[in-house]
Every structure is written in C-alpha cells, then in structure tokens.
Amino acid sequence: MASSSFLTGERAVVALFISRIVFSVPQSLLSESLSLSLLSLLALSVEISVDASSSVPLSHFFKTRPGASSGIFLGAVTLPGVMVSKLIQMSRAVSSNQSGSEELEILQLLYWVTSASCYTVLASLCFIFYQQSDCKNCATSRCSSSCIALYFVVCCVSFAVKSHSGWYTAAILLWLFSHGYAAVKLIQNILHTFPACASIGEALLVTVGLVIYFGDMLACTAAKSHGYFTASKLVTVPYGIQRSEVSVIIQGLIIGLLLFPMLFKYMLQFLERVSLASSRDTADNHMRRSCVFYISLVGVLIIAVPSWMQLVQDFHVHPFLWVLDFVLSEPLKRLSLCIYWLVVIYVSVIRFYNISNSSKIERILLRKYYHLMAVSMFVPALILQPKFLDLAFGAALAVFLMLEIIRIWRIWPLGQLVHQFMNAFTDHRDTDLLVVSHFSLLLGCALPIWLSSGFNDRPLAPFAGILSLGIGDTMASVVGYKYGVLRWSKTGKKTIEGTAAGITSVLAACSILLPLLATTRYVQNWFSLLFAVTISGLLEAYTAQLDNAFIPLVFYSLLCL
C-alpha cells in the first residue's frame with residue numbers, strides 16, 4: 001500500500017522533468033544543479049509525509065482546494081527548474097560571446113532567490129507538520145532534515161567561492177532568506193484569505209512568483225536610487241542593469257494593481273472610523289465606497305505607478321504617453337492587431353456566453369474554445385510583433401486584475417455584472433471567492449514569451465504556452481471527452497486517447513512552426529522535442545493541479561534545453 005501511494009504518476013513525471021534538467025547542467029552550474037536536486041528531494045519527502053499522514057491531515061493546517069492533491073513536489077520545483085533552464089541557456093550565450101556575464105550573474109542570483117523561497121516554505125511546512133504528527137523519527141523526517149542542512153551548506157559554499165569577503169556572503173544570505181521569510185508569510189496569508197481556492201503546490205507557485213517579482217522591484221528601485229547601506233549596494237548591483245521600457249511598464253502596472261486592494265482596504269477602514277453613518281449597508285455607503293474605489297484607482301494608476309516607473313527608467317514623457325507613442329510608431333501593424341483582437345474577443349465572448357446560457361454543451365468543451373481563440377490571437381502577433389505582444393499581455397493582465405478586484409469587492413455598477421458573466425465560464429477550480437481560470441490561461445501563454453525576452457536560441461520556447469494550452473490541452477480534452485475509453489487511472493477522467501491526441505497535435509504544430517521560424521541556425525533535436533512534448537502531455541494527464549499554470553512552465557523549461 002505504501003509503495004502504491006509513493007509511485008504516483010504525477011511524481012514520476014516531475015522526477016523525469018527534474019532529471020532532464022539536472023543532467024543537462026554544465027559544470028559551471030554544478031552548485032545550482034546540486035541545490036535543485038536537494039530541493040527536489042526535500043519537496044518529495046514533504047509531499048509523501050503530508051499525503052500519507054492519517055493522524056494529522058493537511059486540512060488541519062490549511063483549507064485547500066477540494067479534490068486536489070497537495071501538489072508540493074510539483075509546486076516547489078517548477079520555478080527553480082525554469083530558472084536553471086534559463087541559466088543553461090544563458091551559459092550557452094556567454095560561452096559563444098553572444099551575451100555578457102552580467103546577465104548570467106543576475107540569473108544566478110534570481111535562481112538562488114527562487115530556490116531559497118521554496119526551501120524556506122518547505123522547511124516551515126516540515127516544522128509545522130512534524131510538530132503535530134507522530135513521524136518525527138521516520139525516514140522522511142530524517143531525509144527532510146538532511147536535505148535542509150545540505151542545501152544550506154551548498155548555498156553558503158556557492159557564494160563563498162565567488163567572493164573572499166565574508167561580509168558579502170552574509171549580505172547575500174540575508175537577502176535570500178528575507179525572500180524566504182516573505183514567502184512563508186505570504187503563502188499563509190493567501191491560504192487563509194482565499195480558503196479552498198488552491199492546493200499547497202498552486203499557492204507555493206503563486207507565492208514564490210510574487211515574492212520574486214516584488215523583490216526584484218525593491219532591488220531595482222534601490223539600485224536605481226543609489227541606496228545608502230553597503231549591504232544594499234552589494235546585493236542590488238546586479239539589478240542595476242538596463243531594462244526595457246516595456247518590462248518596466250508591465251512590472252509597475254501589475255505590482256501597483258496587486259498592492260491596490262490593501263490600500264483600498266485601509267482607506268475604507270479609515271472612512272468607517274471618521275464616518276457618522278450608523279449602518280454600513282446603506283445605499284449611500286455603497287456609493288461612497290465605489291467613489292473612493294474609482295478615485296483611488298485612478299490616483300494609483302496615473303500618479304503613483306508612473307512615478308515609480310520614471311524612477312527606475314528614463315522616460316522623457318509620462319509612461320502611458322510613451323505607450324501611446326509606441327503603439328502609433330507602427331500604426332498599420334499594431335492598430336490592425338488591436339482591431340483584430342477586439343473583433344475576435346467580442347465575437348467569441350458574446351457567442352460563447354449565449355451558448356453557455358442556452359445550451360447543454362459541456363462546460364469543459366466550451367472553455368477549450370477560449371484556448372483555440374488564444375492560438376488564433378497570439379500566434380500571428382508573436383511571429384510579426386513580439387514586442388507589442390509583450391505589452392498587450394501586460395495590459396490584458398492589468399484589465400483582468402481590475403475586473404477581479406471589482407468582482408470580489410462588488411464595486412458598483414460593474415461588480416455584480418462581472419460576477420454573473422464570469423460564473424458562465426467557471427469550473428471546479430474556481431469559487432465565488434476567487435476566479436483563476438482566465439488568469440492561468442493568460443499567464444500560461446504570456447510567461448514563456450516574457451521569459452524568452454533577451455537572448456533566446458530556441459525558437460519554439462516562446463510558443464510553449466500557446467502550443468501546450470491552445471493546441472495540446474484542447475485536443476486532449478476534446479478527443480478524450482468524445483472518443484476516450486482507456487483511462488490512465490480508475491479514479492481519474494484523463495484518457496490515453498486524449499493524451500496521445502494532445503502530444504500528436506503539438507508535434508504537428510511544431511513541424512509547421514519550425515519552417516516559419518527558420519531565421520536562426522539552430523537545428524531542432526527531434527528526440528529532445530519529443531521528450532519535452534511527451535512530459536508536458538503526461539503531466540496534463542496525471543496532475544490534479546491547475547494545469548494551465550504548470551504545463552507551460554514545464555514545457556518551456558524543457559524546450560530551453
């Protein structure tokens with residue numbers, strides 16, 4: 001019984017994913033490879049302990065999404081795996097003199113920030129779980145303790161070798177584990193604020209991504225504003241490299257919107273204290289809250305966020321005016337793309353919304369039409385206007401964030417309308433508290449493209465999200481639902497026929513794309529491509545996590561190799 005619970009399909013696929021990355025690492029990245037292996041062992045041991053425990057179930061600590069496994073192994077290794085794949089890719093650029101060592105250094109620091117954040121969250125889970133369980137002396141407990149100690153040693157040695165200054169090593173370690181502390185606090189806050197909305201693995205992926213994004217913002221701001229403290233200078237030197245205007249605009253806009261709900265909450269609390277109104281449910285209070293919301297939102301987007309953008313980047317005009325000038329610099333191509341996108345979105349949304357209200361078609365099939373819509377929208381733009389597509393993804397994500405904030409807070413007059421509209425396309429992974437499916441689809445397509453900015457010697461890598469979600473996941477669902485007979489497991493719904501259709505369709509799409517992208521001298525290794533497509537297809541078949549979030553990152557990592 002223990003062996004059967006240990007050898008799950010998801011764990012086997014994730015182990016193959018990590019093994020492929022580790023065995024591809026050059027000797028110059030040996031410490032990163034070793035730390036990734038230790039992190040994987042730690043995550044696997046924690047997941048086995050949590051899933052196998054009968055005395056202290058996971059729900060004793062956190063209320064996670066029903067029907068999903070803990071997902072700790074997958075959630076903990078995905079982003080570190082992506083970073084190591086990027087390091088392997090960047091090391092090729094440095095060795096061929098196509099890029100400087102500065103970019104490799106910042107990627108290495110970002111990898112250690114990512115892995116340290118995952119490591120600290122896992123260590124906190126170990127501490128919480130083992131304090132309440134009866135397996136303090138079991139094999140998984142000893143394995144976890146050994147991995148934690150060895151990881152810390154590898155981290156210290158790695159930075160000590162790069163510098164003879166003990167002060168520098170101490171400053172770096174403090175910088176890394178301040179991210180880890182922030183990750184621990186953030187994941188606890190996410191799981192308690194949005195109960196039953198995510199598994200541990202999904203929350204860990206989101207948490208580490210947000211910590212990296214916010215930490216990068218703080219370090220970049222400190223580097224640009226010439227911080228006064230020596231430790232700050234030592235840590236933030238790599239963050240002072242030049243960034244593109246598009247990346248700064250996207251980062252400022254997204255972070256501003258993520259911080260906005262906290263600002264709005266504090267403003268409401270302040271108004272409630274000074275207000276003389278006796279009831280909080282009156283129409284006047286709802287109108288006043290809506291007015292405060294829109295006024296503060298405009299203030300954040302027009303004043304606060306652009307001020308930060310101009311601090312870290314030399315915009316000679318207001319950043320949003322720079323965006324307008326950027327769009328109009330090639331009006332025929334970019335405005336035509338905007339019109340094309342608006343027409344596709346309007347026609348598709350109206351039609352699918354009417355179908356969802358009047359037809360008995362399965363919602364899972366209806367949702368896959370949006371995956372196909374993403375292919376029709378993003379593939380032409382990625383081939384013809386990749387830089388403009390980067391900006392468009394940021395704008396779309398900002399709109400989604402604003403609408404979700406309005407929906408959650410039920411801001412008049414759009415809150416209830418947005419809530420009713422979104423309910424037409426939700427599934428078992430969405431709740432009234434938080435709707436995540438549209439975010440995961442958008443980010444699943446956008447992240448491989450954003451990660452491919454700069455040096456990229458693998459032409460298929462930016463298409464990882466579009467291919468895996470728009471084509472592979474769609475074909476797997478449609479074929480599996482209509483023709484699937486042989487199931488991967490007795491309790492699951494995924495079929496072998498659907499997985500085979502998804503893998504075959506992605507390979508066919510790659511064979512069509514490669515001649516269109518034949519602008520580089522890179523010759524595709526079809527065995528490596530088959531391995532990458534197969535692993536991502538099997539992950540879609542076996543995982544109970546939010547596949548739109550994990551599959552594109554896993555596929556992208558393997559394509560970078």
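No solvent, one uniform scatterer per C-alpha: report log10 I(q)/I(0) for the range 475-561 via the Debye equation at q = 0.14 1/Å, two decimals. After summing over all Cα pairs, the log10 values are -0.52. For the range 395-534, the Stokes-Einstein estimate of translational diffusion at 20 °C and a viscosity of 1.002 mPa s comes to 122 µm²/s, using the Kirkwood hydrodynamic radius over alpha-carbon pairs. Placing pseudo-labels 7 Å out from each Cα toward the beta carbon at VAL349 and THR431 gives an inter-label distance of 2.6 nm. About the centre of its Cα atoms, the chain shows a dipole size close to 580 debye [charges on the beta carbon of Lys, Arg (+1) and Asp, Glu (-1) only; nearest 20 debye]. Calculated FRET efficiency, VAL298 and SER336, Cβ-Cβ r, R0 30 Å, to nearest 0.05? My answer for the efficiency is 0.50. Remark: the range 145-206 carries 47 Å² of accessible area per residue (probe radius 1.4 Å; ligands, DNA and RNA excluded). If one puts a single equal scatterer on every Cα of the range 77-212 and applies the Debye formula without solvent, what log₁₀ I(q)/I(0) results at q = 0.12, 0.21, 0.22 Å⁻¹? Each listed q maps to, in turn, -0.57, -1.30, -1.36.
Ligands, DNA and RNA left out, the 1.4 Å accessible surface of the chain is 67% carbon and sulfur atoms. Remark on ARG487: its backbone amide H falls under 5 Å from those of ILE496, a criterion applied only to residues 5 or more positions apart or on other chains, H modelled at 1.01 Å from N. Stretch SER244-LEU372 to full length: gain in nm at 0.36 nm per residue minus the Cα-Cα span? That pair, SER244 and LEU372, stretches by 43.0 nm at full extension.
Where only DSSP H runs of four or more residues are counted, the chain gives -24500 deg cm²/dmol as its mean residue ellipticity at 222 nm, each run worth -39500 (n - 2.57). In the chain, a dipole from Cβ-located charges (positive for Lys and Arg, negative for Asp and Glu) runs towards its positive end, and of ALA461, LEU530, ALA198 it is ALA198 whose Cα lies farthest in that direction.
Using a cutoff of 8 angstrom between alpha carbon atoms and counting only pairs six or more residues apart, the relative contact order for the range 378-537 works out to 16 percent. Taken about its Cα centre, the range 422-560 carries a charge dipole of about 300 debye when Lys and Arg each add +1 at the Cβ and Asp and Glu each add -1 at the Cβ. Evaluating 6.51 cos²θ - 1.76 cosθ + 1.60 at θ = phi - 60° for every residue in the range 13-28, the Karplus couplings come out as 5, 5, 4, 5, 4, 5, 4, 4, 5, 4, 6, 9, 6, x, 5, 5 Hz, glycine and proline recorded as x. Compute the relative contact order of the chain as a whole-number percentage, counting only Cα pairs closer than 8 Å that sit 6 or more residues apart in sequence. With pairs under 8 Å counted, the relative contact order is 17 percent.
Legend: calculated FRET efficiency, ALA196 to SER489, from the Cβ-Cβ distance at R0 = 30 Å, rounded to 0.05, equals 0.80. Per residue, the accessible area of the range 473-543 comes to 58 Å² when a 1.4 Å probe rolls over the protein heavy atoms. Computed as a quarter of the hull surface, the mean projected area of the alpha carbon convex hull for the chain stands at 28.3 nm². Summarising the label geometry, the points placed 7 Å from Cα in the beta-carbon direction at TYR266 and LYS482 lie 5.4 nm from one another. In a DSSP loop and with at most 15 other Cβ atoms within 10 Å, the trypsin sites (Lys or Arg not before Pro) in the range 473-548 are LYS490, LYS493, ARG521. Evaluating 6.51 cos²θ - 1.76 cosθ + 1.60 at θ = phi - 60° for every residue in the range 77-94, the Karplus couplings come out as 9, 5, 5, x, x, 4, 5, 5, 4, 5, 5, 4, 5, 5, 5, 5, 5, 5 Hz, glycine and proline recorded as x. Pairs spanning more than 27 Å between alpha-carbon atoms, out of LYS185/LYS494; LYS86/LYS162; LYS63/LYS185: LYS185/LYS494.
The values are calculated or read from the model by the stated rules, or taken from the named source; none is laboratory data. In this text the structure is predicted, and so the values were computed from the model without any measurement. Cβ atoms come from the backbone with ideal geometry, glycine included; neighbour counts cover every protein chain shown. Protein only, heavy atoms only, side chains kept; ligands, DNA and RNA dropped before computing areas. Shrake-Rupley method; radii C 1.70, N 1.55, O 1.52, S 1.80 Å.
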